[in-house]
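Participant: Next up is a structure, given as structure tokens.
The values are calculated or read from the model by the stated rules, or taken from the named source; none is laboratory data. Remember, predicted model here, so these are calculated numbers, not experimental data. As a convention, Cβ positions derive from the backbone with ideal geometry for all residues, glycine included, and neighbour counts pool all protein chains shown. Please note that ligands, DNA and RNA were not included when accessible areas were found on the heavy atoms of the full protein model with its side chains. Shrake-Rupley method; radii C 1.70, N 1.55, O 1.52, S 1.80 Å.
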Amino acid sequence: SAIPDAGLAHFVLLMGINYAANQIAPTHVCVPIAAEHFNVSFWAMVKKTLPVILTFYVGLFLYYMALKAIFPAMP
């Protein structure tokens, strides 16, 4: 209801961004446990995973554009 006539493409984009952001958030249980196990700081782990997250975002945006072209928002 916050974005009228958003459609499927916007939903997929927002859910994908939420998923990727959750994977590097310090509140995700796996992140601090993995950092402690491998004896690295949280920020060092974020720096290592940032290229993967950014690549995911680019792919997600391209998928969003394809969905937007296939399923235009209904007026």
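Participant: Accessible area per residue for the chain in Å², computed with a 1.4 Å probe and the full protein assembly in place, what is it? Numbers along the way, then the final one.
Facilitator: On the way: 5800 Å² over 75 residues.
Here the per-residue accessible area is 77 Å².
Participant: On the protein heavy atoms, probe 1.4 angstrom, tell me the percent of accessible surface of the chain carried by carbon and sulfur.
Facilitator: Answer for the chain is 74 percent, counting heavy atoms of protein chains only.
Participant: Taking every pair of alpha-carbon atoms in the stretch 15-59, what share in percent sits in each 5 Å bin, from 0 to the bin with the longest distance?
Facilitator: Once binned at 5 Å, the Cα pair distances of the stretch 15-59 give 5, 23, 31, 23, 13, 5, 1.
Participant: Label ALA44 and ASN18 with points 7 Å out from Cα along Cα→Cβ: what is the distance between them in nm?
Facilitator: 3.4
Participant: Let me ask something else about it. Please list the radius of gyration and Dmax for the chain, considering alpha-carbon atoms only, with Å as the unit.
Facilitator: 16.1, 53
Participant: Round to the nearest 10 and give me the degree value, 0 to 90, for the angle of helix 7-23's Cα axis relative to the longest principal axis of the chain.
Facilitator: The angle comes out near 0 degrees.
Participant: Relative to the longest principal Cα axis of the chain, at what angle does helix 42-70 sit, 0 to 90 degrees, rounded to 10?
Facilitator: Approximately 10 degrees, to the nearest 10.
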